[in-house]
Structure formats: C-alpha cells, structure tokens
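The values are calculated or read from the model by the stated rules, or taken from the named source; none is laboratory data. No experiment lies behind these values; they were computed from the predicted model shown. Here the Cβ is made from the backbone with ideal geometry for all residues, glycine too, and neighbour counts use every protein chain on show. In case anyone asks, the SASA skips ligands and DNA or RNA and just uses the protein heavy atoms, side chains included. Shrake-Rupley method; radii C 1.70, N 1.55, O 1.52, S 1.80 Å.
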Amino acid sequence: HSISDLPISECRGHIIKAIHNNRVIVISGKTGCGKSTQVPKFILEDNKLAKIAFANPGLAATSLAERVAHELKTNCGDIVGYQIGMESKVGEKTQITYMTYGILIQQLLFQNSL
C-alpha cells in the first residue's frame, strides 16, 4: 500500500475542517488506517506553524516518530520527535511530538507547553 491508499486519506478534508471548527476533535478508526502517521502530516500541510502532540503507548511513540520522520525525509528529533518517560528526542524545531499518555497529561496540567 502507498500512503495515499490508507483509509484515513479519504477523510483529509473532513479532518482539517473539523480542526478549524473545533478546539478538540476525536478521530476513531481501525488499526492501520493511518490515524497516527497521516493526520499529523495533514495538519502540518494545512498549518506550517502547528505544534502537534500525539499520545500513544511508549514503544509505539518511538516507532511512530521514526516512521513519520522517515516519511517526511527528516531525522527523528528534528521536525518529528518523541518523549517517553525520561527519554526525549525533541528539539527546538520539533512540531510533531509522539508521547506517552502520562507525558501528555503532565504537560497539559503542569507545563501547558504544547
């Protein structure tokens, strides 16, 4: 399958419109449909200044960050990074951060730095 064949690609316009019209959206779909890998790229294509946080289990966060960085032809830790526990691979230019649920909650509650 190519990236454009992923089921989520058909929903790109609806997702971007929902983001423009709502503070929070929830995207639900089957495993492998492209939610975690493609949606952040849709958002960046629409808004070059976006800061995106994606919550996933720890090991998934690192592999997703590596995969999306590869798809964007960049190094993990540059535009795309991850933060799990005490391990962080993000930089000043990072716009898409994959993180554990605990890290996301911590940032929302204490740092408000997303």
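Can you name the residue in segment 64-114 that is surrounded by fewer than 16 Cβ atoms within 10 Å (Cβ to Cβ) and in a strand (DSSP E or B) and, of all such residues, is farthest from the chain's Cα centre (by Cα)? Filtering first and then ranking leaves Glu87. Restricting segment 35-48 to residues that are open to solvent by 40 Å² or more (accessible area, probe 1.4 Å) and either in contact (Cβ under 8 Å) with a residue 12 or more places away in the chain or among the polar types (S, T, N, Q) (or both), the residue that is nearest to Glu10 (Cα to Cα) is Lys35.
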